[in-house]
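Heads up, the thing below is written out as structure tokens.
The values are calculated or read from the model by the stated rules, or taken from the named source; none is laboratory data. Since we're looking at a predicted model, the values are computed, not measured. All Cβ positions, even for glycine, are placed from backbone atoms using ideal geometry, and neighbour counts span all protein chains on display. Heads up: the accessible areas ignore ligands, DNA and RNA and are worked out on the full protein's heavy atoms, side chains in. Shrake-Rupley method; radii C 1.70, N 1.55, O 1.52, S 1.80 Å.
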Amino acid sequence: MQAVRTLSLDQAAPAAPSLARLVAAAEVGAPQPGSDGPLYAPPRKIYPQSVHGTFRNIKWAVLVVTLGIYYLLPFVRWDRGPNAPSQAALLDLPNHRFYLFFIEIWPQEVYYFTGLLILASIVLFLMNAVAGRVWCGYLCPQTAWTDLFFAIERLVEGDRRDRMQRDQRKWTLETFARKGVKHFLWLMVAWWTGGAWVLYFADAPTLVKDLATLQAPFVAYAWIGILTFTTYTLAGHMREQVCLYMCPWPRIQAALTDEYALNVTYRYDRGEPRGAVSKANELRAQGKPAGDCVNCKQCVHVCPTGVDIRQGADLGCIQCGLCIDACDAMMTKIGRATGLIAYDTDINIKRRMEGQQPFVKLVRMRTALYAAIIAIAGGIMIFTLATRDSEGISVIHDRNPMFVRLSDGALRNGYTVRIVNKQLKYREFILSIDGLPSTLVDFVGQPPRADGRQLVSVGPDQTKEVRVVLTDYSTTPPASSTTVLFRLIDADSGQIAEMRDHFFGP
């Protein structure tokens with residue numbers, strides 16, 4: 001009789017994935033080997049566990065600072081003098097102004113916003129080159145509000161195990177009450193998020209009073225409603241789905257990183273092979289290799305996107321470092337060295353496996369270039385902002401006709417001069433025209449002046465047009481085009497603005 005031998009799955013098919021991995025893949029909707037599989041993995045319910053440690057404390061600090069600034073900044077006052085708003089941060093659309101403490105941006109200076117967007121993108125590139133998706137893990141608004149919603153959820157419903165058990169049982173009155181309180185608090189946070197946003201577009205105390213007494217404009221209520229809905233939906237329900245499917249940055253940053261960028265990394269050179277503490281001790285006693293990873297899955301349980309960092313780089317990993325805190329706590333508990341999961345590079349793992357010393361290379365061509373661009377662009381913006389003028393002059397020459405010859409042979413050109421006062425107070429300017437040796441300057445509507453100068457008063461934050469006629473009586477006719485200088489002088493401060501145009505002849 002032929003003997004029958006029983007083989008395990010791994011022995012019968014060494015190249016095939018283990019049964020446990022196939023089951024896990026089926027649970028998340030991942031395609032199995034040999035089948036087409038779905039193109040989209042249905043979302044799993046993720047129950048992040050609370051964790052304590054260095055990176056969690058950093059995240060709390062960043063959350064408090066960033067959300068504190070967002071919610072409270074509209075109420076900060078800043079004295080800019082008479083006729084100017086006293087709100088420190090204000091986007092004044094009716095008056096076409098943006099205020100941020102001592103900075104005032106005028107409509108014609110929209111290029112500053114373009115420069116800020118460029119600087120923000122380069123800073124994001126630099127952060128990615130240094131420490132991967134550190135923006136996603138600590139500073140992204142989606143991360144901040146989701147963290148806040150997680151904290152409310154734990155406060156009301158308990159930690160991971162309590163929430164899982166409650167969702168698996170039939171709903172009771174307590175369950176309804178807890179979930180009702182949680183969603184009410186979520187809505188309150190979302191509502192105040194939308195309310196804080198509209199406060200940046202009007203005087204905050206006044207708008208709050210108008211909102212409370214139902215006297216605010218409809219657009220304010222509309223935007224509060226829109227932002228309340230989006231915050232409640234994205235931070236309360238979609239959560240990690242925003243990072244996985246809606247945000248383009250995880251896909252873009254892969255093209256901007258390199259092998260020297262620090263990322264949250266499972267140091268498999270130290271952690272593998274995994275095993276329980278007792279089994280690892282037995283293997284070490286027998287002189288066999290044993291890793292420090294005890295397969296406790298704490299790193300997975302605390303991850304807000306449900307990623308197992310031990311499987312390598314993953315699109316869902318936001319580099320928040322919570323798995324580092326969880327792993328360090330477990331290593332401390334079992335008496336092993338911390339740092340099994342840490343900010344590291346694959347190069348260092350390979351170097352340690354080869355017996356070489358690891359290194360960190362933060363300063364390299366990529367990071368130096370990004371830093372230089374930030375310094376140069378930021379310096380140019382600061383310089384232009386500090387040296388800009390608060391007055392302006394523009395000149396438009398009459399086009400039809402370009403010049404007129406009078407009966408006595410003199411040549412006449414007409415101009416429209418526009419004077420701009422960017423300050424929020426009345427100012428007087430002296431307007432003069434130079435360039436022709438024998439010229440009569442006629443400010444239309446004003447008596448002629450022998451010195452070719454005119455005093456012009458311009459209201460706060462206004463422009464004023466002045467009609468100017470130049471008549472040349474020189475015996476030698478000017479060339480077909482002669483440069484004329486229009487000079488504007490502030491009567492009080494002496495600041496000067498100039499514009500050149502032309503006096504045309506035959």
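Summary table
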item	result
Those Cys residues of the chain for which no other cysteine Cβ falls under 4.7 Å	C136, C140, C243, C247, C293, C296, C303, C317, C320, C327
Fully extended contour minus Cα-Cα distance, from I347 to Q286, at 0.36 nm per residue	18.9 nm
Dimensionless Rg ratio for the stretch 391-504, taking C-alpha atoms and the 2.2 N^0.38 Å reference	1.08
Under the span-like rule (Cα at least 18 Å along the axis, Kyte-Doolittle mean at least -1.0), DSSP H helices of the chain	54-72, 111-131, 141-157, 173-198, 218-233, 365-387
The chain: relative contact order as a whole-number percent, Cα under 8 Å and 6+ apart	13
Listed values (i) 29.6; (ii) 22.8; (iii) 25.1, entry calculated as Kirkwood radius over Cα pairs in Å	(i)
Alpha-carbon centroid distance for the pair the stretch 340-362 / the stretch 43-58, whole angstrom	26
Charge dipole (debye, nearest 20) of the chain; +1 at Cβ of Lys and Arg, -1 at Cβ of Asp and Glu	2040
Mean Cα-pair separation over length for the stretch 391-504, i.e. relative contact order, pairs under 8 Å, 6 or more apart, %	32
Peptides 358-367, 292-301 ordered by average Cβ neighbours within 10 Å, highest first	292-301, 358-367
At R0 = 30 Å, FRET efficiency that the Cβ-Cβ distance of M365 and T114 yields, to 0.05	0.65
Members of K59/K288; K59/K361; K209/K464; K59/K209; K288/K350 lying beyond 31 Å, as alpha-carbon distances in this model show	K59/K288; K209/K464; K59/K209
Within the accessible area of the stretch 391-504 (1.4 Å probe), percent carbon and sulfur	50
Probe 1.4 Å - accessible area at D442, Å² to nearest ten	50
log₁₀ of I(q)/I(0) at q = 0.19 Å⁻¹ - the stretch 290-437, Debye sum with one point per alpha carbon	-1.21
Residue-level accessible surface for S278, protein heavy atoms, 1.4 Å, Å²	80
Two-decimal Rg/Rh across the stretch 176-328, once Rg and the Kirkwood Rh are taken from alpha-carbon atoms	1.19
